[in-house]
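Novice: Structure incoming, see below.
The values are calculated or read from the model by the stated rules, or taken from the named source; none is laboratory data. Please read all numbers here as calculations on a predicted model, not as lab measurements. Ideal geometry is used to build each Cβ from the backbone, glycine not excepted, and the neighbour counts take in all protein chains shown.
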Amino acid sequence: MTASRLTLRHPSVIPGFGLTLGLTLTWLSLIVLLPLSALFIKTSEISFARFLTIVTSERTLHALQISFGLSLAAAAVNVVFGAIVVWVLVRYDFPLKRVVDALIDIPFALPTAVAGIALTALYAENGWIGSLLAPLGIQVSFTPLGILVALIFIGLPFVVRTVQPVLADLDAELEEAAASLGAVRSQTIWRVIVPSVWPALLTGFALAFARAVGEYGSVIFIAGNLPGISEIAPLLIVIRLEEFRYADATAIAVVMLLASFALLLVINRLQRWSELRGGKAS
Amino acid sequence: MSIDVVGVTKRFKSFTALDNVSLEIRSGELVALLGPSGSGKTTLLRIIAGLDWPDAGAVRFDGEDALDRSVRERNVGFVFQHYALFRHMSVFENVAFGLRVRRGADKLPEAAIRAKVNELLSLVQIDWLAERYPAQLSGGQRQRVALARALAISPRVLLLDEPFGALDAKVRKELRRWLRHLHEELPVTSVLVTHDQEEALELADRVVVMGRGKIEQVGTPADVYDDPATAFVHDFIGETIAFPGLARSGSLYLGDRALGLDAQGLGDGPARILARPHDVEIADPAASPFAGRVLAVRTFGPNRRADVEIANDGGPLVIEAAVPRDQSLDVGTKVGLKPHRYKVFAA
């Protein structure tokens, strides 16, 4: 009886299901799962009690808090200002628009160490911006604020590039319809435009967040790296590696991995839910 | 509400979309703006709505200047060609939008909004779809949502841009009758843009025929069909047979031969003699103004058409004439064409 056979495969006119699924799984295993499982295997060398001691130590907890807290904050800032950048790029024509558009991608391409050094120089007490902020009592370089600046810098293009095509596709008629129904500009923005690009904003947020959590190069230059103050989790991992405490390093990495995965999963569900509400899938 | 459009001109860069257009729409009327694409009909509708502003001219609602009011303040219901429904809102919320955005003293309590939206949904006969999202609706259902949404603000002017353009023929016919019925039930002045003459002639109290940024004719459906004011209107609405001719002191000639037709006051010069196919009789060649040889005869449904080649100064001309079903006609025979009703325009 073939009908009762347990099968993943549904009858379909699109050929190659078996082949492509096989390739996908093999590829994912090689590229993603295998290195990750090595992480877990290495971590399992230490006892669970030791694992708990490592990940609940004050230094580790603080580093994780800095990494996740500032990454979420940076992603949130990027969503707000990225959305404004997208609005300007999509809606208005101005001289050198192409150049501005190309500038957005620079954080993608620039070696992160270069970005870190440039930002440090700018925001240091004697730097262009730092010297203006110093009299106000605001110190950016070598503080968590500096980390935030670096994370915002590297995350911006992720928000802009995910939201841009969606807003460009948004029909201007929607805004005209809202206005003809009596909506003022702010109501049109909050009730019509923002909900329409909301799934894209969430995706941009998730990408910017994921990038920021894993960021290392730019942050270590501007952060000052004081344990318990401005030390990020990826740096702590590198420090442990340099001390040949490999299991300690992988233990922190496992926590980061699980936390990131959980957060991304939540964002993903949220996004799917808002898309469903938008009636994209039916 | 009556709408007066006075001397409106609108240019997009070098293209003149509307050229000194004036139009009076009476309160409670259903007027169709009919014309080919690029004739300026949608631009005129958008200017009445307040979505575009004219370069010159005035628009008045009940005698009051409407141009210094934005679309938000004009209280017009606008139905967009592609509906422009809010995808992220249910049908109910789409219709409620116009009520929810009210502020201050106009703000309605939730119960009043629900009552009004439910009333509108039953009016457009889709109350059972209230919780669906636009993506889950058919074209005809979306059209009804768009209309209910526009009606929610109790507009005294309803503007519809190609409302049935994206629907299939059967749904289109059904919705057309329903819209006419709806217009009669509501205290509203409606303006409809369409390129479909059947739609305009069937629905509207008056039809405004537009071509190249100008109004060619304004009249009842019967007027524009039976008594076209210009050659453009004659060509655009219904089927037209065009005969060549030459006007000379009140009579029409083909070459040197008098046609025995009236020039209808046209000054001397080349003329086009336009007639509806059913007004042109196939008759004895000797007793008809035009005569020629039958090249082909085609039958489709109730219609029969014959290609008749007639002599003309600039070479032979093929004319498609209507043939009554009971009249037999063989290819190659010589026949006469005798227009009973016709209009003469300068060529």
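For every residue, the table says whether it meets (1) within 24 Å of A:PRO107 (Cα to Cα); (2) outside any loop (DSSP other than H, G, I, E, B).
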residue	(1), (2)
A:GLY204	yes, yes
A:ALA212	yes, yes
A:ASN225	yes, no
A:SER230	yes, no
A:PRO234	yes, yes
A:LEU241	no, yes
A:ILE252	no, yes
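Novice: Among what's in the range B:154-173 and is under 17 Å from the mean Cα position of the chain (by Cα) and not aliphatic (A, V, I, L, M), pick the residue that is modelled with the highest pLDDT. Steps first, please.
Specialist: Of all residues in the range B:154-173, those under 17 Å from the mean Cα position of the chain (by Cα) come to B:158-167, B:169, B:172-173.
Adding the requirement that they be not aliphatic (A, V, I, L, M) leaves B:161-165, B:172-173.
Values: B:ASP161: 92, B:GLU162: 89, B:PRO163: 86, B:PHE164: 85, B:GLY165: 79, B:ARG172: 84, B:LYS173: 85.
The extreme case among them is B:ASP161.
Novice: Which one of the conditions (1) closer than 30 Å to A:ASN126 by Cβ; (2) within 14 Å of chain B (Cβ to nearest Cβ) does A:GLY224 fail to meet, given that it meets all the rest?
Specialist: The one condition A:GLY224 does not meet is (2).
Novice: Of these, B:PHE232, B:PHE243, which one is assigned to a strand (DSSP E or B) and closer than 30 Å to B:GLU199 by Cα?
Specialist: Working: B:PHE232 fails: assigned to a strand (DSSP E or B).
Of B:PHE232, B:PHE243, the one residue that is assigned to a strand (DSSP E or B) and closer than 30 Å to B:GLU199 by Cα is B:PHE243.
Novice: Ok, one more. In the range A:165-177, what residues are part of a helix (DSSP H, G or I), of a type in the set (A, V, I, L, M) and more than 7 Å from chain B (Cβ to nearest Cβ)?
Specialist: At the first step, the residues of the range A:165-177 found to be part of a helix (DSSP H, G or I) are A:165-169, A:172-177.
Cutting the leftovers down to of a type in the set (A, V, I, L, M) gives us A:166-168, A:172, A:174, A:177.
A:VAL166, A:LEU167, A:ALA168, A:ALA172, listed by residue number.
Novice: Turning to a different aspect of this structure: Report yes if B:ILE282 is more than 21 Å from B:ASP326 (Cα to Cα) and part of a strand (DSSP E or B), otherwise no.
Specialist: Numbers: more than 21 Å from B:ASP326 (Cα to Cα): no; part of a strand (DSSP E or B): yes.
Answer is no for this residue.
Novice: On to the next question. Tell me the helices (runs of 4 or more DSSP H) entirely within the range A:7-97 that contain at least 3 residues that are under 22 Å from A:GLN164 (Cα atoms) and either of a type outside the set (D, E, K, R) or in contact with a helix residue (DSSP H, G or I) (Cβ under 8 Å, 6 or more places away or on another chain) (or both). I'd like the intermediate steps shown before the answer.
Specialist: Working: elements: A:17-28, A:34-43, A:48-55, A:58-91.
Answer list for the range A:7-97: A:58-91.
Each row is one residue, and each column tells you yes or no for (1) surrounded by 10 or more Cβ atoms within 10 Å (Cβ to Cβ); (2) at pLDDT 85 or above.
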site	(1), (2)
A:PRO15	no, no
A:HIS62	yes, yes
A:ALA74	yes, yes
A:GLY82	yes, yes
A:VAL99	no, yes
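Novice: Next question. Sort out which residues of the range B:97-110 are more than 10 Å from chain A (Cβ to nearest Cβ) and among the aliphatic types (A, V, I, L, M), and write them in order of number. Even if it seems obvious, please write down each step before you answer.
Specialist: Within the range B:97-110, the first condition is being more than 10 Å from chain A (Cβ to nearest Cβ), and the residues that meet it are B:104-105, B:107-110.
Correct list: B:ALA105, B:LEU108.
Novice: Separate question: So, in the range A:221-251, of the ones that are crowded, with 22+ Cβ neighbours inside 10 Å, in contact with a Pro (Cβ under 9 Å, 6 or more places away or on another chain) and among the hydrophobic types (A, V, I, L, M, F, W, C), which residue ends up farthest from A:ILE147 (Cα to Cα)?
Specialist: A:LEU236
Novice: Here's another thing I want to ask about it. What's the number of the only condition in (1) in contact with a Leu (Cβ under 7 Å, 6 or more places away or on another chain); (2) more than 10 Å from chain A (Cβ to nearest Cβ); (3) on the phi > 0 side of the Ramachandran plot that B:ILE113 fails to meet?
Specialist: Just one mismatch for B:ILE113, condition (3).
Novice: So, in the range B:53-65, of the ones that are modelled with pLDDT of 90 or more and assigned to a loop (DSSP other than H, G, I, E, B), which residue ends up nearest to B:PRO134 (Cα to Cα)?
Specialist: Here the answer is B:TRP53.
Novice: Evaluate the range B:119-129: report whether one residue or more is in contact with a helix residue (DSSP H, G or I) (Cβ under 8 Å, 6 or more places away or on another chain) and of a type outside the set (A, V, I, L, M, F, W, C). Even if it seems obvious, please write down each step before you answer.
Specialist: First pass over the range B:119-129, keeping only residues in contact with a helix residue (DSSP H, G or I) (Cβ under 8 Å, 6 or more places away or on another chain): B:120-121, B:123-127, B:129.
Still in the list and also of a type outside the set (A, V, I, L, M, F, W, C): B:125, B:127.
Within the range B:119-129, one or more residues are in contact with a helix residue (DSSP H, G or I) (Cβ under 8 Å, 6 or more places away or on another chain) and of a type outside the set (A, V, I, L, M, F, W, C).
Novice: Within the range B:27-42, does at least one residue satisfy the condition of being under 25 Å from the mean Cα position of the chain (by Cα) and in a helix (DSSP H, G or I)? Quick ask: steps written out before the conclusion?
Specialist: From the range B:27-42, those under 25 Å from the mean Cα position of the chain (by Cα) are B:27-42; that's our starting set.
When the remaining residues are screened for being in a helix (DSSP H, G or I), the result is B:41-42.
Within the range B:27-42, one or more residues are under 25 Å from the mean Cα position of the chain (by Cα) and in a helix (DSSP H, G or I).
Novice: Identify all residues within the range A:222-268 that are closer than 20 Å to A:ALA76 by Cα and aromatic (Phe, Trp, Tyr); write none if there are none.
Specialist: A:PHE261
Novice: For the range B:44-96, name all the residues that are hydrophobic (A, V, I, L, M, F, W, C), without any contact (Cβ under 8 Å) to a residue 40 or more places away in the chain and facing chain A (nearest Cβ under 10 Å).
Specialist: B:LEU51, B:VAL71
Novice: Hand me the list of helices (runs of 4 or more DSSP H) wholly inside the range B:111-228 holding 3 or more residues that are among the charged types (D, E, K, R) and without any contact (Cβ under 8 Å) to a residue 40 or more places away in the chain.
Specialist: Numbers: elements: B:139-151, B:169-185, B:197-203, B:221-226.
So the answer is B:169-185.
Novice: Additional query: State yes or no: is A:GLY182 on the phi > 0 side of the Ramachandran plot and within 14 Å of chain B (Cβ to nearest Cβ)?
Specialist: Working: on the phi > 0 side of the Ramachandran plot: yes; within 14 Å of chain B (Cβ to nearest Cβ): yes.
Yes; evaluated as a whole, the condition is true for this residue.
Novice: Give the residue that is surrounded by the fewest Cβ atoms within 10 Å (Cβ to Cβ), with candidates limited to residues of the range B:88-108 that are modelled with pLDDT under 90 and part of a loop (DSSP other than H, G, I, E, B).
Specialist: If we take residues in the range B:88-108 being modelled with pLDDT under 90 and part of a loop (DSSP other than H, G, I, E, B), then B:ARG103 is surrounded by the fewest Cβ atoms within 10 Å (Cβ to Cβ).
Novice: In the range B:30-38, is there at least one residue being under 25 Å from B:GLN217 (Cβ atoms) and within 14 Å of chain A (Cβ to nearest Cβ)? Give the derivation first.
Specialist: Our first condition is that a residue be under 25 Å from B:GLN217 (Cβ atoms); within the range B:30-38, this holds for B:30-38.
Cutting the leftovers down to within 14 Å of chain A (Cβ to nearest Cβ) gives us none.
No, every residue in the range B:30-38 fails to be under 25 Å from B:GLN217 (Cβ atoms) and within 14 Å of chain A (Cβ to nearest Cβ).
Novice: Out of curiosity, is A:TRP198 within 13 Å of chain B (Cβ to nearest Cβ), part of a helix (DSSP H, G or I) and surrounded by fewer than 17 Cβ atoms within 10 Å (Cβ to Cβ)? Walk me through it before giving the result.
Specialist: Numbers: within 13 Å of chain B (Cβ to nearest Cβ): yes; part of a helix (DSSP H, G or I): yes; surrounded by fewer than 17 Cβ atoms within 10 Å (Cβ to Cβ): no.
So A:TRP198 fails the test.
Novice: Let me ask you something else. For the range B:116-137, name all the residues that are more than 12 Å from chain A (Cβ to nearest Cβ) and either loosely packed, with under 14 Cβ neighbours inside 10 Å or within 17 Å of B:PRO155 (Cα to Cα) (or both).
Specialist: Residues satisfying the conditions are B:LYS116, B:VAL117, B:GLU119, B:LEU120, B:LEU121, B:SER122, B:LEU123, B:VAL124, B:GLN125, B:TRP128.
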